[in-house]
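Inspection log for the structure reproduced underneath, given as structure tokens.
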Amino acid sequence: MSHQAFVLTKNSFSEHTRTEGAYERFLSILPSCGFTVTAGSIQPPRSVLNNTYTFFIDAQYCSSEAMLSLPVVNDYPELNKVIFNVPVSDVDFHYAALQHGINGIFHIEDNLELLVRGVQQVQAGNKWFSREIMSRYIDANLVARSKPVAALQSSTTVLTKRELAITRKIADGAQNQEIADCLHISVNTVKTHVYSIFRKTDCRNRVELIKWFDHQFSQPQQVNY
């Protein structure tokens, strides 16, 4: 099955390119990994992104700071996002990218075998970062989870009834289309609510949201007699 991919870059791309630059080398493997590729220098409209499986960003497109401020990075939490052509030495950027919901980082120095393996992992829904970055991320999350439950529970009040209902559905394993059908709303409306929920709960993805939900409602509730 082919997955639609969009590549944000200042370069041009042809599936028949034979040049050996880092950009062309990375782009040339995407069709063989099951992606149908469209490239452009401007972020496409929401209608296109809604049908895009993975959004690849060329690290040469703009500065590191500007990249993590791009609308596609911050406004589409459920979109599979990847940055390629990143210098291997830029460790702080790798960690910041992971915190911003980026699913994978590929280096200019990566060989072809490593690129293919990483793209396949990202396509399967897994993250692709170095062990150092993942260990740092896990350690940070373990510290965050040690916060008192009482402090976490106060944040349930910021969710609207509709957002809380959607959060419950996500915790039950429902996908956007199932939630839309159940609540009689559009998939785009569900996505908008999910983004708002992520923002209010400081969660970056569904896994974190489910953990957040479990923290909120797994504690015994006080009963007044």
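The values are calculated or read from the model by the stated rules, or taken from the named source; none is laboratory data. This structure is a prediction, so every number in the text was calculated from the model and none was measured. With ideal geometry, Cβ positions are generated from the backbone for all residues, glycine too; neighbour counts draw on all protein chains shown. Ligands, DNA and RNA are stripped out before the accessible areas are found, and what is left, the full protein with its side chains, is counted by its heavy atoms. Shrake-Rupley method; radii C 1.70, N 1.55, O 1.52, S 1.80 Å.
Here are some notes:
- Residues in the stretch 8-29 include none that are more than 19 Å from Glu78 (Cβ to Cβ), open to solvent by 30 Å² or more (accessible area, probe 1.4 Å) and either at pLDDT 90 or above or under 20 Å from the mean Cα position of the chain (by Cα) (or both).
- For Tyr61, the criteria (1) open to solvent by less than 20 Å² (accessible area, probe 1.4 Å); (2) among the aromatic types (Phe, Trp, Tyr); (3) at pLDDT 85 or above hold in every case but one, which is (1).
- Filter pass, Tyr76 being buried (at least 18 other Cβ atoms within 10 Å of the Cβ), part of a loop (DSSP other than H, G, I, E, B) and either among the aliphatic types (A, V, I, L, M) or touching a strand residue (DSSP E or B) at 6+ places or on another chain (Cβ under 8 Å) (or both): yes
- Residue check for Leu115: open to solvent by less than 40 Å² (accessible area, probe 1.4 Å) and more than 15 Å from the chain's Cα centre (by Cα): yes
- Failed item, numbered, when Tyr195 is tested on (1) open to solvent by less than 70 Å² (accessible area, probe 1.4 Å); (2) at pLDDT below 90; (3) among the hydroxyl-bearing types (Ser, Thr, Tyr): (1)
- A search for C-beta distances below 9 Å between a residue of the stretch 122-133 that is without any contact (Cβ under 8 Å) to a residue 24 or more places away in the chain and any residue that is part of a loop (DSSP other than H, G, I, E, B), counting only pairs 6+ apart in sequence or on different chains, returns Asn126/Asn103.
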